[in-house]
Structure formats: structure tokens, C-alpha cells
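The structure under discussion appears below in the form of C-alpha cells.
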Amino acid sequence: MEQALAAADTAWVLAAFTAVVLMVPGLALFYSGMLGVKSALNMIMMVFGGFAVTAVLWVLFGPAAVLGDSVGGLGLIGDPFTDIGLGSLFEEDPDGGMPAALTAAFHLLFAGITVAIIAGGVADRMKFSAWLVFSGIWVVLVYFPVAHWVFAFDDEEAGTKGGWIANTLAAHDFAGGTAVHMNSGVAALALAIALGRRRGFPHVARPHNLPLVVLGGGILLFGWFGFNGGSAGGANHMAGVVVLNTLVAAMAGLLGWLIVERIKEKHATTLGAISGVIAALVGITPAASLVSPLGALLIGVVSGAVGCFAVSWKFRMGYDDSLDVVAIHLMGGVVGTTLIAFVATAAAPAGVDGLFFGGGIDFLGRQVVAMAAVFAYSFAVTFLIAKALDKIMGIRVDTETEMRGIDVPVHGETAYVMDSFSPTGPSTLRPEVFAEDRDVIVPKS
């Protein structure tokens, strides 16, 4: 019976893994459609390129650094030298438990997607070569330590120590509200500031293909059931609660964003609807196993509403977060991680009460400390990496490439074949071919 249950758990996590893999092209399409047509392919390349670099480094020492025994028992980073090349993953569990290789593969997706999310903050202006180098350095110096803090738990039987946020602080983060979403959102903010604003900002090109954005967002929604559901670790009661909470939060987020958008802008837009879905999915990620469906609705609607408000911050504060990674991922992570402390209920699988159900104020304090630590570390190290790379190799494309669009000069191709197009350069283009890129959004004061 135990082996049958283990086989069912493995099958569920394998299915969840497959769903999460689809989030990579989903994110690429979601981001690409929001850009002007002349940089659409570059964004796809940044998403896949950052993921590819992460995968290579993950095989070298990723699982040990993230999930392994903490160096010196301090809870800061796992020992990356205990399993270089992942040779130990060939050893089969004699009890028929979850394959270690599958656990490593699942966490690789978390790492790769975290890196890929950052790309949205620097669209239209970062060198592709610099992005690949940045991705490799960032995942080692920022993601691996922060993921260890959050995802590595003490194992008394094996005698190993995990991360300080998960164990010493005992903050709650079910599937990466801090390690994945806050981490990537803060990094996008730091990198965008280091890189500088796009020329012409705040006048920016309109999304060139909204159906593509919705398609990408829909694929992300599908993948999120694997992202959150697979984090339950098996085909169990928790997985059922988690996928229900994930779905209802996403739909509440759509409505929350549209309500605010309708009040502020007098329109309820397609882009706003799918953005609200993603913001709410981010919000429910740290909380999915800790709240009731009503709590999930609250987190979803607040995440969507806050995300809509936060989009305008970049225009007021002057930072150029191209595709609103701060509004959706950073703020969604903050909302979800904070609201856990209020709406968590012991009736949920995680079995802990928040303030609304008689829990103590210390719960909120632990969540705030966890968020503050991730914010401070990720921002500082990301900014230093960007500045160092800028000194060494330069991280921004030249003015001519930025004005022409990155796709043709850097990649030698374009997203759409038109009768007047030749990949040799913009001199062969009629001005009207890319007319939509001159149809700019002028932010309201």
C-alpha cells in the first residue's frame, strides 16, 4: 500500500512538473506580446536564455546549494560541493519514495522561472550577452542562497540543517512568494535602476499583440496549478486544497484589477484582466496551503487591486520597469506573504492560525522580517552585480540598436514576416511596417 501511494505521489509531481515546464514559453509569450514588435523576439530569447544558463549551473551544484546541509549550520547556503554534477541522483530510494532526481528537476524549474521573470524589468535595452552573464551570476549569488533560506528544512533523521527563514525564523512561504516572486521583483527593480530608463520613457510602445499576452497568461495559469499543486509533494488532500485556492484567487485577482482600473482609467482592459490573474497567482503562491477558499478570494482580490495601483508608481518615481514586474511579482509577493499572517486558518492543511483566527502578532512579525531580508539582500547584490558587469562589459545596447529595436540588429530576424521586410536591417523597411511601435502610451499624470 505504501509503495502504491508513493507511486501515485510521484505520478502527480511528474504531471505537475510537466505543467510547470509550460510556464517558460507561457512567460515568454506573455512578455513578448506586451512589447513593441521590434523587440518581441529578444524578450523570448531572454526568457529561454536565462532559463538555459540556470539549468547548466543547477546541474553543477544547484540542489546541494539550495536543499543541502547548511554550511556551518548557519542557514545561509547549502554546501554546493557535496554533490557536484548530481551523481547521487542515480541512487534509487530503496523504500520506493519520491525520486531525488524529480525533486531536483522540480526545483530547477523554480530557479529558472525566477531568473526569467527578471527579464521583464529590462526589456528593450539590455544586451543579450550581458543578460546571459548576469543570469548565471545572479542565480548563484542571489537565488541559491535565498531559496535555501526558504525551501530547505531541517532533517533530524539525516542530521542536516536547513535555511534560517524556514527553520530559525519559522516564517511561512508555501511555494515561493519570497524566494521566487519577491526575489525576482526586487531584482528587476534593482537591475532596471542600474540599467537606466529607455530612451523616450515614459512614452512607450503599445503592446503589439494582446491576444498573445492573454495566451501566454493562460498558459501561466495552467502551469501554476503544477507550480503550487506540485509543491504539496504528492497526490494528497493538501494538493486538492491548493489547486482550488489557486484557481479562485486568480479569478478574484482579475476582478480586483478591473475594478480599480475602471475607477482610475474608466476602462476595463484585456491587459488589465490577465495582469490581475497573474498578480493574484503570485499572491496565493505563499499562502495556498494555509488559507480557506474565502481567504484565497481575499488575497486574490487585494493582489489584483494593489497590482493595478502599483503600475503607476514607475511613472511617479521614475524607474523604468518595462513590463511591470514590480507591480505584479514584487507587490503580489508582498500582499500574499503579509496576508497569510491575517487569514491563515488551522483548518487548512498547514494547520496554523493567523490574526483573524486567534493567532499571535508574532506571526506577522516573522513574515515581515522574512520579506525585509529578501528585499535587502536581493536588491543590494543585484545592483552590485549589474554595476560590476557594466564596468566590465557594458550591459546596455547602443542608442542606434535601441531605437531600431533589438530583434534585427542582435538576432537577425523579426517576429513577423512582411512583404517589405529583409533581415539585413531597417533600411529596407517602409516606415509604415512598424507604425504600431510609434503608437505610444502616454501615462496620465
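In this structure, does THR168 turn out to be over 21 Å from LEU330 (Cα atoms) and part of a helix (DSSP H, G or I)?
yes
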**Message:** Looking at region 177-192, can you tell me whether even one residue there is without any contact (Cβ under 8 Å) to a residue 60 or more places away in the chain and hydroxyl-bearing (Ser, Thr, Tyr)?
**Reply:** no
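Would you call VAL20 part of a helix (DSSP H, G or I), touching a residue at least 40 places away in the same chain (Cβ under 8 Å) and either over 21 Å from the mean Cα position of the chain (by Cα) or buried (at least 23 other Cβ atoms within 10 Å of the Cβ) (or both)? It would help to see each step written out before you state the result.
Values: part of a helix (DSSP H, G or I): yes; touching a residue at least 40 places away in the same chain (Cβ under 8 Å): yes; either over 21 Å from the mean Cα position of the chain (by Cα) or buried (at least 23 other Cβ atoms within 10 Å of the Cβ) (or both): yes.
In short, yes.
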**Fill in**
The lone condition GLY283 fails out of (1) open to solvent by 10 Å² or more (accessible area, probe 1.4 Å); (2) of a type in the set (Gly, Ala, Ser); (3) under 21 Å from the mean Cα position of the chain (by Cα) is (1)
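Given the criteria open to solvent by less than 40 Å² (accessible area, probe 1.4 Å), in contact with a Ser or Thr (Cβ under 7 Å, 6 or more places away or on another chain) and not in a helix (DSSP H, G or I), does ALA370 qualify?
Working: open to solvent by less than 40 Å² (accessible area, probe 1.4 Å): yes; in contact with a Ser or Thr (Cβ under 7 Å, 6 or more places away or on another chain): yes; not in a helix (DSSP H, G or I): no.
Considered against the rule, which asks whether it is open to solvent by less than 40 Å² (accessible area, probe 1.4 Å), in contact with a Ser or Thr (Cβ under 7 Å, 6 or more places away or on another chain) and not in a helix (DSSP H, G or I), ALA370 comes out as no.
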**Prompt:** Looking only at residues in region 138-164 that are open to solvent by 40 Å² or more (accessible area, probe 1.4 Å) and in a loop (DSSP other than H, G, I, E, B), which one is nearest to ASP69 (Cα to Cα)?
**Reply:** LYS161
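Condition check ((1) at pLDDT below 95; (2) exposed (fewer than 13 other Cβ atoms within 10 Å of the Cβ); (3) among the hydroxyl-bearing types (Ser, Thr, Tyr); (4) not in a helix (DSSP H, G or I)) across all residues:
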position: GLY336; (1), (2), (3), (4): no, no, no, no
position: ILE340; (1), (2), (3), (4): no, no, no, no
position: PHE356; (1), (2), (3), (4): no, no, no, no
position: ALA376; (1), (2), (3), (4): no, yes, no, no
position: GLY394; (1), (2), (3), (4): no, yes, no, yes
position: THR414; (1), (2), (3), (4): yes, no, yes, yes
position: SER420; (1), (2), (3), (4): yes, yes, yes, yes
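Does VAL242 satisfy the condition of being among the hydrophobic types (A, V, I, L, M, F, W, C), over 30 Å from GLY351 (Cβ atoms), at pLDDT 95 or above and in contact with a helix residue (DSSP H, G or I) (Cβ under 9 Å, 6 or more places away or on another chain)?
On the way: among the hydrophobic types (A, V, I, L, M, F, W, C): yes; over 30 Å from GLY351 (Cβ atoms): no; at pLDDT 95 or above: yes; in contact with a helix residue (DSSP H, G or I) (Cβ under 9 Å, 6 or more places away or on another chain): yes.
No.
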**Message:** Looking at region 165-175, can you tell me whether even one residue there is under 15 Å from SER322 (Cα atoms), touching a Phe, Trp or Tyr at 6+ places or on another chain (Cβ under 6 Å), open to solvent by less than 20 Å² (accessible area, probe 1.4 Å) and touching a residue at least 24 places away in the same chain (Cβ under 8 Å)?
**Reply:** no
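May I ask you to list the residues in region 71-87 that are assigned to a helix (DSSP H, G or I) and surrounded by 14 or more Cβ atoms within 10 Å (Cβ to Cβ)?
So in region 71-87, the residues assigned to a helix (DSSP H, G or I) come out as 71-73, 84-87.
If the condition is that a residue be assigned to a helix (DSSP H, G or I) and surrounded by 14 or more Cβ atoms within 10 Å (Cβ to Cβ), then VAL71, LEU86 are the ones that fit.
Mind checking whether some residue in region 178-200 is over 22 Å from SER322 (Cα atoms) and touching a Phe, Trp or Tyr at 6+ places or on another chain (Cβ under 8 Å)? I'd like the intermediate steps shown before the answer.
From region 178-200, those over 22 Å from SER322 (Cα atoms) are none; that's our starting set.
The answer is no; no qualifying residue exists.
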**Prompt:** For region 33-45, what are the residues that are within 13 Å of GLY405 (Cα to Cα) and assigned to a helix (DSSP H, G or I)?
**Reply:** VAL37, LYS38, SER39, ALA40, LEU41, ASN42, MET43
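Within region 244-266, can you find the residues that are in contact with a Phe, Trp or Tyr (Cβ under 9 Å, 6 or more places away or on another chain) and open to solvent by less than 40 Å² (accessible area, probe 1.4 Å)? Outline the logic, then answer.
To start, the set of residues in region 244-266 that are in contact with a Phe, Trp or Tyr (Cβ under 9 Å, 6 or more places away or on another chain) comprises 246-247, 250, 260, 264.
Hits for region 244-266 are THR246, ALA250, VAL260.
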**Request:** Taking VAL59 as meeting all but one of (1) closer than 26 Å to GLY226 by Cα; (2) open to solvent by 50 Å² or more (accessible area, probe 1.4 Å); (3) part of a loop (DSSP other than H, G, I, E, B), write down the number of the exception.
**Result:** (3)
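Collect the residues in region 20-50 that are within 14 Å of LEU221 (Cα to Cα) and touching a Phe, Trp or Tyr at 6+ places or on another chain (Cβ under 6 Å), keeping them in residue-number order. Spell out the reasoning first.
Going through region 20-50, the residues within 14 Å of LEU221 (Cα to Cα) turn out to be 20-30.
Residues satisfying the conditions are VAL20, VAL24.
Which one is surrounded by the most Cβ atoms within 10 Å (Cβ to Cβ) among residues in region 196-242 that are over 26 Å from PHE315 (Cα atoms) and among the polar types (S, T, N, Q)?
From region 196-242, those over 26 Å from PHE315 (Cα atoms) are 215, 218-242; that's our starting set.
Still in the running and among the polar types (S, T, N, Q): 228, 231, 236.
Numbers: ASN228: 28, SER231: 22, ASN236: 15.
Taking the candidates together, the pick is ASN228.
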**Request:** Scan (1) in a helix (DSSP H, G or I); (2) touching a residue at least 40 places away in the same chain (Cβ under 8 Å) for the single condition ALA101 breaks and write down its number.
**Result:** (2)
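Just checking, does region 382-393 include any residue being under 22 Å from PRO145 (Cβ atoms), charged (D, E, K, R), in contact with a helix residue (DSSP H, G or I) (Cβ under 7 Å, 6 or more places away or on another chain) and in contact (Cβ under 8 Å) with a residue 24 or more places away in the chain?
Within region 382-393 (the criterion being under 22 Å from PRO145 (Cβ atoms), charged (D, E, K, R), in contact with a helix residue (DSSP H, G or I) (Cβ under 7 Å, 6 or more places away or on another chain) and in contact (Cβ under 8 Å) with a residue 24 or more places away in the chain), the answer is yes, since at least one residue qualifies.
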**Prompt:** Any idea which of (1) out of contact with any strand residue (DSSP E or B) (no Cβ under 8 Å at 6 or more places or on another chain); (2) more than 24 Å from PHE383 (Cα to Cα); (3) among the small types (Gly, Ala, Ser) is the one GLY75 doesn't satisfy?
**Reply:** (2)
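The values are calculated or read from the model by the stated rules, or taken from the named source; none is laboratory data. Predicted model only: the values in this text are computed from it and were never measured. As a convention, Cβ positions derive from the backbone with ideal geometry for all residues, glycine included, and neighbour counts pool all protein chains shown. Accessible surface is based on the protein model in full, side chains and every heavy atom, while ligands, DNA and RNA are left aside. Shrake-Rupley method; radii C 1.70, N 1.55, O 1.52, S 1.80 Å.
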